[in-house]
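**Student:** So that we are looking at the same thing, I have put the structure below in structure tokens.
The values are calculated or read from the model by the stated rules, or taken from the named source; none is laboratory data. Because the structure is predicted, anything quoted here is derived from the model rather than measured. As a convention, Cβ positions derive from the backbone with ideal geometry for all residues, glycine included, and neighbour counts pool all protein chains shown. Please note that ligands, DNA and RNA were not included when accessible areas were found on the heavy atoms of the full protein model with its side chains. Shrake-Rupley method; radii C 1.70, N 1.55, O 1.52, S 1.80 Å.
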Amino acid sequence: MMNFLTTKMRILMGTFMAITLLLSFDSCRSKKNAADAYGVFEATEITVSSESNGRMLVFNVKEGDSYKQGDEIGLIDTTQLYLQMQQLDASMRAALARRPDMPSQIRTLQEKLATLEKEKIRVENLVEAQAAGSKQLDDIQAEITMTNSQLAATKSALGTQEQAILGEVEAMRFQQMQLAEAISDCHITAPIDGIVLKKYIEANELAFQGKPLFKIADLTNMFIKVYITEDMLSSINLGQHADVRLDASNGQEKVFDGIVSWISPKAEFTPKMIQTKNERVNLVYAVKISFFNDGSAKIGMPGDVVFK
């Protein structure tokens with residue numbers, strides 16, 4: 001009987017110790033895995049829209065493909081814009097051809113004026129020698145005055161005409177610059193380094209201004225947006241490091257080295273995604289933690305943050 005009781009006591013003691021160790025292990029693990037905040041992974045997403053109207057001639061975009069900033073991935077028909085550019089070129093040449101030949105027209109009056117000045121000197125000599133009357137000298141002086149007036153009026157008229165033509169040409173040059181910009185807009189390029197998430201149009205479809213073409217996201221430099229309470233705000237600063245954790249499919253935790261890149265300057269109510277009424281009325285601050293993604297994190301995946 002004593003042996004039976006002793007054996008029973010040993011079993012009870014062993015069970016108690018096992019439970020104690022298990023509870024202790026779970027407590028340590030919970031403490032180790034405790035997170036300061038929770039959120040979902042996000043990335044900078046850009047929806048590229050058309051800036052021109054026309055048929056999409058080329059659009060070599062595939063969802064999931066990665067592109068570098070500036071890579072040309074599409075082309076909208078530029079035929080009409082090119083023809084307008086050629087038309088402006090012809091109009092500019094025609095306008096410049098109408099420019100008055102100022103030197104030749106002015107030269108004629110200047111030569112006439114030089115001849116009259118010489119004649120005036122000759123007549124003055126004759127008047128001094130009493131070989132000619134003063135009326136002849138007055139007539140030459142009057143003609144000189146008239147020629148000077150004609151010269152000034154011609155210069156003014158020709159200058160005004162030339163300025164008007166040059167103004168026309170300048171306006172056409174600005175139109176050419178606008179057309180060149182419009183032609184440039186027909187070349188669709190990647191705005192950032194990233195991966196195409198969504199494609200909204202196919203080659204040979206009609207594109208028009210404002211129509212979305214594709215969505216691209218930077219999945220290398222990602223961030224997680226979390227919400228913290230007011231009592232945590234004083235201990236979190238811009239540039240502060242934090243562990244961004246992701247539960248991997250194999251059960252192992254993936255940890256990224258994150259940096260606090262943005263802290264909301266104003267409080268807001270807990271987001272509506274939180275269904276508990278008591279939690280929803282709490283005031284919280286939004287915080288973004290940026291990190292370098294090695295490809296493990298995906299947009300919309302849940303994660304948590306431990307601030308250092």
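Table: residues versus (1) open to solvent by 40 Å² or more (accessible area, probe 1.4 Å); (2) at pLDDT 95 or above; (3) out of contact with any helix residue (DSSP H, G or I) (no Cβ under 8 Å at 6 or more places or on another chain).
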| residue | (1), (2), (3) |
| --- | --- |
| VAL48 | no, yes, yes |
| VAL61 | no, no, yes |
| LEU96 | yes, no, no |
| ARG99 | yes, no, no |
| LEU113 | no, no, no |
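**Student:** From the set of residues in the stretch 229-262 that are among the aliphatic types (A, V, I, L, M), in a loop (DSSP other than H, G, I, E, B) and over 31 Å from the mean Cα position of the chain (by Cα), which is surrounded by the fewest Cβ atoms within 10 Å (Cβ to Cβ)? So that I can check it myself, show each step before the final result.
**Tutor:** In the first step, residues of the stretch 229-262 are kept if they are among the aliphatic types (A, V, I, L, M); the result is 232-233, 236, 238, 242, 244, 246, 248, 255, 259-260.
Checking which are in a loop (DSSP other than H, G, I, E, B) leaves us with 236, 238, 248.
Pick out the ones that are also over 31 Å from the mean Cα position of the chain (by Cα) and you get 236, 248.
Values: ILE236: 17, ALA248: 10.
So, considering only residues that are among the aliphatic types (A, V, I, L, M), in a loop (DSSP other than H, G, I, E, B) and over 31 Å from the mean Cα position of the chain (by Cα), the one surrounded by the fewest Cβ atoms within 10 Å (Cβ to Cβ) is ALA248.
**Student:** From ASP218, ASP193, which residue is open to solvent by 50 Å² or more (accessible area, probe 1.4 Å) and either without any contact (Cβ under 8 Å) to a residue 12 or more places away in the chain or not hydroxyl-bearing (Ser, Thr, Tyr) (or both)?
**Tutor:** On inspection, the qualifying residue turns out to be ASP193.
Yes or no, residue by residue, for (1) more than 24 Å from LYS68 (Cα to Cα); (2) more than 32 Å from the chain's Cα centre (by Cα); (3) charged (D, E, K, R); (4) at pLDDT 95 or above:
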{"site": "TYR227", "(1), (2), (3), (4)": "yes, no, no, no"}
{"site": "SER264", "(1), (2), (3), (4)": "yes, no, no, no"}
{"site": "ASN282", "(1), (2), (3), (4)": "yes, yes, no, no"}
{"site": "ASP294", "(1), (2), (3), (4)": "no, no, yes, no"}
{"site": "GLY303", "(1), (2), (3), (4)": "yes, no, no, no"}
{"site": "VAL306", "(1), (2), (3), (4)": "yes, yes, no, no"}
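**Student:** Please pick out the residue among ASP138, ASP77 that is among the charged types (D, E, K, R) and loosely packed, with under 12 Cβ neighbours inside 10 Å.
**Tutor:** Answer to the selection: ASP138.
**Student:** Let me spell it out: the conditions are (1) at pLDDT 95 or above; (2) assigned to a helix (DSSP H, G or I); (3) not hydrophobic (A, V, I, L, M, F, W, C), and SER24 meets all of them except one. Which number is the exception?
**Tutor:** The single condition SER24 does not satisfy is (1).
**Student:** Kindly indicate whether ILE165 is touching an Asp or Glu at 6+ places or on another chain (Cβ under 7 Å) and part of a helix (DSSP H, G or I).
**Tutor:** The answer is no for ILE165.
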